[in-house]
């Protein structure tokens, strides 16, 4: 099954990023959630795979200052805390989609 591709990624509110996918799905992310889900080596241990970043330490009012495509496979966000090390691949962005449909699918997948 091919990975859905984003048609548009846009800041839709001061603390919100929306992704419209080519399969008709829409993902709405709070910027706090996106920052908390960063998978760079500074946020997730390369050795253990455990999260180093405490999501509670991410300010509620964090925002995205800039975003840029990384090749044809992802996007890099610059957050207002100036963290910009994470690359959010299209696959990862879709995996962390917080909507009810994706959350159910993710929890069902984890059970198998």
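What follows is calculated from the coordinates using simple rules that are stated; it is not laboratory data. Computed from a predicted structure; not experimentally measured. Cβ sites come from the backbone with ideal geometry, for glycine too, and all protein chains shown count toward neighbours.
Figures for the structure shown
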| item | result |
| --- | --- |
| Residues (assigned to a strand (DSSP E or B) and more than 15 Å from the chain's Cα centre (by Cα)) located in region 13-35 | 13 |
| Extreme residue, surrounded by the most Cβ atoms within 10 Å (Cβ to Cβ), among residues of region 12-25 that are touching a residue at least 40 places away in the same chain (Cβ under 8 Å) and farther than 22 Å from residue 62 by Cα | 21 |
| Identity of the residue in region 84-100, assigned to a helix (DSSP H, G or I) and touching a residue at least 60 places away in the same chain (Cβ under 8 Å), that ends up nearest to residue 72 (Cα to Cα) | 90 |
| Count of residues meeting criterion [in contact with a helix residue (DSSP H, G or I) (Cβ under 9 Å, 6 or more places away or on another chain) and either assigned to a loop (DSSP other than H, G, I, E, B) or exposed (fewer than 14 other Cβ atoms within 10 Å of the Cβ) (or both)] in region 36-53 | 4 |
| Residue count, region 62-79 (criterion: in contact with a helix residue (DSSP H, G or I) (Cβ under 8 Å, 6 or more places away or on another chain) and either surrounded by fewer than 13 Cβ atoms within 10 Å (Cβ to Cβ) or part of a loop (DSSP other than H, G, I, E, B) (or both)) | 3 |
